[in-house]
Amino acid sequence: MLHSDILIIGAGPAGLMAAIQAKTTAPAATVRILEKGPRPGRKLIVAGSGQCNFTHAGPVDSFLGRFGGGDKAAGDPDDDGQRSPGSAGRFLRPSLYAFPPEDFITWLAERGVPAVLDESNGKYYPASRRSLDVLEVFLAELRRLAVPIELNAAVGQARRDGDAAGGFVVTDTREDFAGELLIICSGGHTYQLTGSAGDGWSLARSLGHNVTEIGPALAPVHVAKFKWVDCAGVSFKRWPIEIRRAGRVVARNRADLLITHTGLSGPAVIDASRWIRPGDEIVVPLGDFGTAQDAESALLELSGRHPKRLVRSLLAELCAADRLADHLCVQLALPADLRASSLDKESRRKLSLALAGSVFPVGSLGGLDEAMASRGGVRLDEIDPKTMASRQLPGLYFAGEVLDVDGDSGGFNIQAAWSTGALAGRSAALAWLSSPENPVPAD
């Protein structure tokens, strides 16, 4: 049985960062990573389609409303798309402030990987746009610190064992590993070829933790009976949408939106997929209207000033794009030569409803095999957000996507992994140093 002072399960972003911070904080501690796959950092390699969008621009406070999870959702978005934080944002606040985006950017730059900001979307990448460059920084740092990574170590069990050399014993298909302290960073349940198959949740349950409902997040949304192919390519900048279920609004979002050949895409829908279920309706205004009454008033006002103009021309002035006006005329079977003065009351009512909120019925969501992240995980109220330590079991820590936290697209999830991993690693190291029999480093 191999013994380590601090044992880390998972060599993804959270696990790699936890190991480096633990060893840096407590150099005398033995730190070991167990990775189920043949190579470390496989999910990091595919981040940002191989370009590694490793964080997002903005102050920490702007991050807090960008996460789902916990018992309370983030608030509705304002005109800039910002939300007040819910349970997940409040949980992440200590870790994000302890290791904010600018600290990670500086940390990489000091090791030869400068960052570049895509100002069109707020995403940060390595200047080389190569995920492998970021991974190599971590691997070089681990080599320098002499932290081993045990590959092909598929952990199937973890238990507390007071008779073992350490506080925990974990078992893979080959041998047992003992650790005085244990950090679980084994990811969520997406990109299964990278090793993220939900293993950490099974381990958490076996150690007395509860896991919330698991499902896809940042997933494609498939629209049923899609009739908007003629509008494919139409995009909306920072656009509001509503998610309705049985006539009730269950969520709102505001972000960039795109009509594709098969449905809706873009951050407005992808980020909202954590709330969307089959059978829901996505309601999209086609112009800048709060209500159908607002849309009808605008249509009446234009018709009164320009009674001889074509209805299609008036709609083009009210819609976010000309093709939306053409689509509405076709869908409502309005003659191409219809003048504003001839538009009947019922047609005007239908146009007003569509302008204020066209309905896209949800047929299905992409599953965990298609999603970029998963929702659900280890319950947040069972973890101390100031240390990432378990409130259930001393010596146990969690970090990364194994937690009930899921962020918006654009680098938020991976920043949460860096930050929670850094905090878990430091906290475990400080706990190890606090033991009377362990050496305290000299000042």
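The values are calculated or read from the model by the stated rules, or taken from the named source; none is laboratory data. As the structure is a computational prediction, the values presented were derived from the model and not from experiment. No Cβ is skipped: glycine too gets one built from the backbone with ideal geometry, and neighbour counts run over all protein chains shown.
Restricting attention to the stretch 134-163, the residues being charged (D, E, K, R) and within 17 Å of Gly12 (Cβ to Cβ) number 3. When the criteria are applied in full, Thr420 fails the requirement of being part of a loop (DSSP other than H, G, I, E, B), in contact with a Phe, Trp or Tyr (Cβ under 9 Å, 6 or more places away or on another chain) and either touching a residue at least 24 places away in the same chain (Cβ under 8 Å) or of a type outside the set (Asp, Glu) (or both).
Taken as a whole, the condition of being in a loop (DSSP other than H, G, I, E, B), out of contact with any helix residue (DSSP H, G or I) (no Cβ under 7 Å at 6 or more places or on another chain) and touching a residue at least 40 places away in the same chain (Cβ under 8 Å) does not apply to Arg32. For the stretch 134-156, filtered to residues that are touching a residue at least 24 places away in the same chain (Cβ under 8 Å) and of a type in the set (D, E, K, R), the residue that is nearest to Arg238 (Cα to Cα) is Glu141. Being on the phi > 0 side of the Ramachandran plot and at pLDDT 95 or above is not true of Gly89. Gly37 fulfils the conditions (1) under 19 Å from Ala422 (Cα atoms); (2) assigned to a loop (DSSP other than H, G, I, E, B); (3) touching a Leu at 6+ places or on another chain (Cβ under 9 Å) except for a single criterion, (1).
When Leu332, Leu315, Leu300 are checked against the criterion of being within 13 Å of Ser352 (Cα to Cα) and either crowded, with 20+ Cβ neighbours inside 10 Å or of a type in the set (Val, Ile, Thr) (or both), Leu315 stands alone in meeting it. Within the stretch 78-113, the residues that satisfy the criterion of being closer than 30 Å to Asn210 by Cα and part of a loop (DSSP other than H, G, I, E, B) are Arg83, Ser84, Pro85, Gly86, Phe99, Pro100. Can you work out which of the residues in the stretch 272-283 that are touching a strand residue (DSSP E or B) at 6+ places or on another chain (Cβ under 6 Å) and either under 17 Å from Asp80 (Cα atoms) or of a type outside the set (Val, Ile, Thr) (or both) is surrounded by the fewest Cβ atoms within 10 Å (Cβ to Cβ)? Taking the candidates together, the pick is Pro278. Given the structure, is Gly400 within 21 Å of Ala268 (Cβ to Cβ), buried (at least 24 other Cβ atoms within 10 Å of the Cβ), under 26 Å from the mean Cα position of the chain (by Cα) and assigned by TED's automatic domain parsing to the domain that holds Glu180? The answer is no for Gly400. Restricting attention to the stretch 204-260, report how many residues are farther than 30 Å from Val402 by Cα, among the hydrophobic types (A, V, I, L, M, F, W, C) and crowded, with 16+ Cβ neighbours inside 10 Å. Qualifying residue count for the region: 8.
Among the residues of the stretch 211-269, the ones that are of a type in the set (Gly, Ala, Ser) and more than 22 Å from Thr291 (Cβ to Cβ) come to 10 in all. Every listed requirement among (1) touching a strand residue (DSSP E or B) at 6+ places or on another chain (Cβ under 8 Å); (2) modelled with pLDDT under 95 is met by Leu44 save one, (1). Inside the stretch 364-391, residues that are modelled with pLDDT under 95 and touching a His at 6+ places or on another chain (Cβ under 8 Å) make up a count of 5.
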